[in-house]
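Colleague: Let me give you the structure first, and then I'll get to my questions.
The values are calculated or read from the model by the stated rules, or taken from the named source; none is laboratory data. Just so we're clear, the structure is a prediction, and the values are computed from it rather than from any experiment. Glycine also receives a Cβ, built like all others from the backbone with ideal geometry; neighbour counts cover every protein chain displayed.
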Amino acid sequence: MSIGIFDSGVGGLTVFKEISKTFPSADIYYLGDTARVPYGNKSKETIIRYSLECANYLVGFDIDILVVACNTASSYAINVLKDSLNIPVIGVINPGVQEAVKVTKNKKIGVIGTYGTIRSNSYKNRLEELGEYQVYQKACPLFVPIVEEGLMNHKITKLIIKEYLEDIVSKGIDTIILGCTHYPLLKDKIKEIYPSITIIDSSKATANYIKKLGFDLSGSGNRRIFITDESPAFENLKSSVVGSIKLEKIELSKICTL
Ligand code: DGL
């Protein structure tokens with residue numbers, strides 16, 4: 001059985017890594033839309049179009065499940081994807097939310113993500129559907145370039161984390177959802193600054209969620225990673241996140257419908 005995963009770029013490799021660990025023998029195809037990253041500050045219409053194009057490319061590999069690793073795409077395009085594909089489509093919002101409601105004790109939950117994800121209220125709405133949660137959201141746009149530049153341990157990073165998070169932490173949250181593919185790579189730093197807050201990593205939550213759905217994901221353990229443009233950030237992060245799998249560049253015109 002095979003899984004297709006797409007993201008706007010490199011960050012979704014955090015999801016690829018967790019899914020690879022959880023399903024070692026599944027065949028996994030990853031598409032990082034590096035030519036058009038970031039999605040986080042684009043309009044809903046554009047995000048839906050890009051998402052459909054990425055999904056259709058992966059469907060060409062006869063995938064059995066599609067995982068939308070990108071939080072922004074999960075926020076805006078999940079319903080359109082579910083309606084237009086004949087296979088299960090799993091986004092990262094619901095798994096992260098399910099995990100957060102399990103662990104919070106005071107029902108005060110922080111959500112951080114791109115402008116797009118925060119503006120969509122996707123996490124907030126889902127949490128509020130499940131109960132009386134107080135949700136405090138914050139867009140953290142600088143986190144993406146920090147991770148792409150490999151500055152996780154640089155001294156500016158601590159300052160920027162505090163600048164963004166102080167506000168929502170002061171509301172008394174006991175749990176925070178990392179609602180962006182890149183943020184798991186800042187998890188240790190966030191933990192160091194706010195040790196008492198439980199951090200929900202949507203990439204882990206998504207892999208666990210798929211496991212619980214009980215799909216038979218045995219296969220030959222093939223791994224392929226496609227990108228739509230060259231990207232130095234992708235190369236760097238790929239090596240540190242998933243090791244030596246080779247990158248295959250595809251022409252954007254192969255997936256574009258316009
Ligand atoms: N992959 C995006 C997300 O998880 C972050 C990067 C971007 O803005 O495209 O929302």
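Colleague: Quickly run through region 57-100 and pick out the residues that are among the hydroxyl-bearing types (Ser, Thr, Tyr) and within 16 Å of the chain's Cα centre (by Cα).
Modeller: Listed by number, the residues that qualify are 72, 74, 75, 76.
Colleague: Name the residues in region 210-257 that are surrounded by 20 or more Cβ atoms within 10 Å (Cβ to Cβ) and among the hydroxyl-bearing types (Ser, Thr, Tyr), would you?
Modeller: 228, 231
Colleague: Take residue 3 and decide whether it is away from the ligand (no atom under 16 Å from the Cβ), buried (at least 24 other Cβ atoms within 10 Å of the Cβ) and within 17 Å of residue 209 (Cα to Cα).
Modeller: It is true that residue 3 is away from the ligand (no atom under 16 Å from the Cβ), buried (at least 24 other Cβ atoms within 10 Å of the Cβ) and within 17 Å of residue 209 (Cα to Cα).
Colleague: Hey, could you check region 6-23 for residues that are of a type in the set (Gly, Ala, Ser) and near the ligand (Cβ under 10 Å from one of its atoms) and say which is modelled with the highest pLDDT?
Modeller: Per the stated criteria, the residue is 8.
Colleague: Another question, then. Filter region 181-198 down to residues that are surrounded by 19 or more Cβ atoms within 10 Å (Cβ to Cβ) and hydrophobic (A, V, I, L, M, F, W, C) and give me whichever is farthest from residue 14 (Cα to Cα).
Modeller: Filtering first and then ranking leaves 190.
Colleague: While we're here: Exactly one condition in (1) farther than 15 Å from residue 238 by Cα; (2) more than 15 Å from the ligand (Cβ to nearest atom); (3) outside any helix (DSSP H, G or I) is false for residue 39; which is it?
Modeller: If we test residue 39 against (1) farther than 15 Å from residue 238 by Cα; (2) more than 15 Å from the ligand (Cβ to nearest atom); (3) outside any helix (DSSP H, G or I), just (2) comes out false.
Colleague: For residue 72, are the conditions met, namely being within 16 Å of the ligand (Cβ to nearest atom), closer than 23 Å to residue 254 by Cα, assigned to a helix (DSSP H, G or I) and without any contact (Cβ under 8 Å) to a residue 24 or more places away in the chain?
Modeller: no
Colleague: Here is a check on your reading of the model: is residue 164 over 18 Å from the mean Cα position of the chain (by Cα) and within 16 Å of the ligand (Cβ to nearest atom)?
Modeller: In short, yes.
Colleague: Name the residues in region 101-141 that are β-branched (Val, Ile, Thr) and within 16 Å of the ligand (Cβ to nearest atom), would you?
Modeller: Answer for region 101-141, where residues must be β-branched (Val, Ile, Thr) and within 16 Å of the ligand (Cβ to nearest atom): 111, 112, 114, 117, 118.
Colleague: Further question on the same structure: Could you list, in sequence order, all residues of region 181-214 that are at pLDDT 95 or above, within 16 Å of the ligand (Cβ to nearest atom) and among the charged types (D, E, K, R)?
Modeller: Passing the criteria: only 187.
Colleague: Sort through 97, 144 and tell me the only one that's under 30 Å from residue 2 (Cβ atoms), in contact (Cβ under 8 Å) with a residue 24 or more places away in the chain, in contact with a Phe, Trp or Tyr (Cβ under 7 Å, 6 or more places away or on another chain) and within 16 Å of the ligand (Cβ to nearest atom).
Modeller: Criteria check complete, one pass: 97.
Colleague: Sticking with this structure for a sec: Checking the structure you have, find out if any residue of region 48-64 is in contact with a Cys (Cβ under 7 Å, 6 or more places away or on another chain), of a type outside the set (A, V, I, L, M, F, W, C), within 10 Å of the ligand (Cβ to nearest atom) and touching a residue at least 60 places away in the same chain (Cβ under 8 Å). Outline the logic, then answer.
Modeller: Step one: of region 48-64, the residues in contact with a Cys (Cβ under 7 Å, 6 or more places away or on another chain) are 53.
Okay, now just the ones that are also of a type outside the set (A, V, I, L, M, F, W, C), so 53.
Imposing the further condition that a residue be within 10 Å of the ligand (Cβ to nearest atom) reduces the set to none.
No - not one qualifying residue is present in region 48-64.
Colleague: Scan 213, 247, 217 and give me the residue that is under 22 Å from residue 50 (Cβ atoms), in contact (Cβ under 8 Å) with a residue 12 or more places away in the chain and among the aliphatic types (A, V, I, L, M).
Modeller: Checking each option against the conditions leaves just 247.
Colleague: Same structure, new question: How many of the residues in region 24-33 are assigned to a loop (DSSP other than H, G, I, E, B), more than 10 Å from the ligand (Cβ to nearest atom) and crowded, with 21+ Cβ neighbours inside 10 Å?
Modeller: Count: 1.
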